[in-house]
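Heads up, the thing below is written out as structure tokens.
The values are calculated or read from the model by the stated rules, or taken from the named source; none is laboratory data. Treat the numbers as computed from the prediction; the structure is a model and nothing was measured. Note that we place each Cβ from the backbone using ideal geometry, even for glycine, and neighbour counts take in every protein chain shown. Areas reflect the complete protein model, heavy atoms only, side chains present, ligands, DNA and RNA absent. Shrake-Rupley method; radii C 1.70, N 1.55, O 1.52, S 1.80 Å.
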Amino acid sequence: MDPDAVKSTLSNLAFGNVMAAAARDYQKEIVAKEKAQAASASHDEVDLDELLDDPELEKLHAERIAALKKEVEKREVLKRQGHGEYREITEGDFLGEVTGSEKVICHFYHREFYRCKIMDKHLKALAPIYLGTKFIKLDAENAPFFVTKLGIKTLPCVILFKKGIAADRLIGFQDLGSKDDFSTRALENILKMKGIIDEKKKDEDDEDDETYMSMNRRD
């Protein structure tokens, strides 16, 4: 036999053996990975079952559900009291409205005043966001008694009531740079500083940005 042919045959056999060994090793590795994944999945299921049976977790879950239920009930009570929307009231309604809630924002306005319409737009945007505060408006021409009693001389005049007491007020746009183009956010910050609306969390602020944009598009 030709020595070169023998050498070639042996070389091919050696290469074939190497490839066969490599194939066996690869198959072993695949099988090992599949077993490891199966074991991990089984372990995860056991851990999940253990968590579901954890009395501490069940207690936390029950407490969370109770807190959410209480919050929903509170919101429903506030809505029944007229919170969550910007409403017009009459002089006869005034005392009941401002004494019936802990925090009330009342806008005394004139139908023909352009600046009153600007204030209306911003208060309407804030009312559904700050459910803990009641937002109302009253035509100053139709409420002479309270206009006199509260010493209102400039419109728009936004009076802030806390527990039925006139605690503060915004006269015209004095607190808003005396400009007509102030933002809803600017008014919101003033009302926060005066303590008539509550601070909110970051995720709520993100939602409010969408609300403001939606209100501006409609206007």
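A few points about this structure:
- Pairs beyond 29 Å (Cα-Cα), from Lys79/Lys153; Lys69/Lys163; Lys153/Lys192; Lys137/Lys163: Lys79/Lys153
- Shown here for the stretch 98-161: chymotrypsin sites (Phe, Trp or Tyr not before Pro) in loop regions (DSSP other than H, G, I, E, B) with at most 15 other Cβ atoms within 10 Å, namely Phe113.
- Seen from Phe146, the other residues with C-beta closer than 14 Å to its C-beta sum to a net charge of -1, counting Lys and Arg as +1 and Asp and Glu as -1.
- DSSP bridge pairs, the stretch 83-194: antiparallel proportion in percent, nearest 5: 55
- Taking all protein chains together, Glu56, Glu97, Glu112, Glu85 sort by accessible area into Glu112, Glu56, Glu85, Glu97, largest first [probe 1.4 Å].
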